[in-house]
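Report on the following structure.
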Amino acid sequence: LQRRSLALPLQADVESAAYSLRQCEDILRTYFTERLEPEHLNLEDTEMVGLVERICKSWLLDNVGVRLHLDTPRHQPLYCQISPVEFSRSFIDLLDNARDAQTETVVIDVTVEPLEHEVDIRIDDHGPGFSHAVLSRVGEPFLTDKERGFGLGLFTAFALTHSLSGQFTIENRYSGGG
């Protein structure tokens with residue numbers, strides 16, 4: 001039998017696929033970044049406590065086995081100028097990530113807290129935490145360490161937060177969980 005070399009054709013295919021993937025990444029990065037710029041968003045003065053409560057309540061209807069603890073200030077409206085639709089999408093993605101990070105009993109803690117001129121919204125889970133690779137690349141599209149998913153949820157939340165001059169932070173607790 002004569003041995004054939006497949007290295008050159010395969011190498012060209014791999015290089016072509018890698019180039020196409022980089023183009024897709026550039027297109028999606030541009031699309032999401034431009035779409036989430038303040039001038040493209042329908043910004044509204046939005047009461048954040050009520051919005052977060054409504055999102056959590058609705059999300060729980062599809063996630064019956066999840067224990068979600070919501071800690072919000074009572075009788076203190078907290079207003080931000082946001083796009084409620086885009087915020088809701090990103091918040092749901094983050095809740096989904098928190099749920100997916102846990103394998104046993106799923107517990108998610110959501111906290112809304114007033115700061116001096118901002119609102120701090122935290123989502124904590126009890127999963128194993130993010131890998132170093134994910135933590136070092138937060139804010140990039142296609143960033144995931146899950147078997148399923150496209151890695152756009154964190155990217156979209158990150159891009160939306162930054163377009164509205166907010167801060168988006170991901171960190172691991174010492175005992176795990178994000």
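Just need a number here: residues in the range 123-166 that are touching a strand residue (DSSP E or B) at 6+ places or on another chain (Cβ under 9 Å) and either part of a loop (DSSP other than H, G, I, E, B) or open to solvent by 80 Å² or more (accessible area, probe 1.4 Å) (or both).
Taking the range 123-166 as the starting set, the residues that turn out to be touching a strand residue (DSSP E or B) at 6+ places or on another chain (Cβ under 9 Å) are 123-126, 160, 164, 166.
So of that shortlist, the ones also either part of a loop (DSSP other than H, G, I, E, B) or open to solvent by 80 Å² or more (accessible area, probe 1.4 Å) (or both) come out as 126, 164, 166.
Count: 3.
Residues being of a type outside the set (Phe, Trp, Tyr) and crowded, with 20+ Cβ neighbours inside 10 Å: count how many of those fall in the range 90-111.
Matching residues across the range 90-111 total 8.
Just to be sure before I move on: is residue 54 at pLDDT 85 or above and open to solvent by 80 Å² or more (accessible area, probe 1.4 Å) in the structure I sent?
Yes; evaluated as a whole, the condition is true for this residue.
Take the range 112-122 and flag every residue that is open to solvent by 80 Å² or more (accessible area, probe 1.4 Å) and either part of a strand (DSSP E or B) or of a type in the set (A, V, I, L, M) (or both).
Selection gives 115, 122.
Among the residues of the range 52-65, write down those that are over 14 Å from residue 120 (Cα atoms) and either out of contact with any helix residue (DSSP H, G or I) (no Cβ under 7 Å at 6 or more places or on another chain) or in a helix (DSSP H, G or I) (or both). Step through it out loud before you land on a result.
As a first pass, look at the range 52-65 and keep what is over 14 Å from residue 120 (Cα atoms): 53-65.
Once the filter is applied, which keeps residues that are over 14 Å from residue 120 (Cα atoms) and either out of contact with any helix residue (DSSP H, G or I) (no Cβ under 7 Å at 6 or more places or on another chain) or in a helix (DSSP H, G or I) (or both), the range 52-65 yields 53, 54, 55, 56, 57, 58, 59, 60, 61, 62, 64, 65.
With 113, 104, 147, 140 as the choices, which residue is within 21 Å of residue 55 (Cα to Cα) and among the charged types (D, E, K, R)?
Result of the check over 113, 104, 147, 140: 113.
Considering (1) part of a loop (DSSP other than H, G, I, E, B); (2) open to solvent by less than 20 Å² (accessible area, probe 1.4 Å), say which one residue 46 fails and leave the rest.
Condition not satisfied by residue 46: (1).
Which of (1) surrounded by 14 or more Cβ atoms within 10 Å (Cβ to Cβ); (2) assigned to a helix (DSSP H, G or I) is the odd one out, the single condition residue 68 does not satisfy?
Looking at each condition in turn, residue 68 falls short on (2).
Is it true that residue 83 is of a type in the set (Ser, Thr, Tyr), under 22 Å from residue 57 (Cα atoms), modelled with pLDDT of 85 or more and open to solvent by less than 50 Å² (accessible area, probe 1.4 Å)?
On the way: of a type in the set (Ser, Thr, Tyr): yes; under 22 Å from residue 57 (Cα atoms): yes; modelled with pLDDT of 85 or more: yes; open to solvent by less than 50 Å² (accessible area, probe 1.4 Å): yes.
It is true that residue 83 is of a type in the set (Ser, Thr, Tyr), under 22 Å from residue 57 (Cα atoms), modelled with pLDDT of 85 or more and open to solvent by less than 50 Å² (accessible area, probe 1.4 Å).
If residue 75 satisfies every condition in (1) part of a helix (DSSP H, G or I); (2) open to solvent by 30 Å² or more (accessible area, probe 1.4 Å) but one, which is the exception?
Among (1) part of a helix (DSSP H, G or I); (2) open to solvent by 30 Å² or more (accessible area, probe 1.4 Å), the lone unmet condition for residue 75 is (1).
The values are calculated or read from the model by the stated rules, or taken from the named source; none is laboratory data. Note that the coordinates shown come from a computational prediction; the quantities given were computed from them, not determined experimentally. In this analysis, Cβ positions are derived from the backbone assuming ideal geometry, glycine residues included, and neighbour counts consider all displayed protein chains. Side chains included, ligands, DNA and RNA excluded: accessible areas come from the protein's heavy atoms. Shrake-Rupley method; radii C 1.70, N 1.55, O 1.52, S 1.80 Å.
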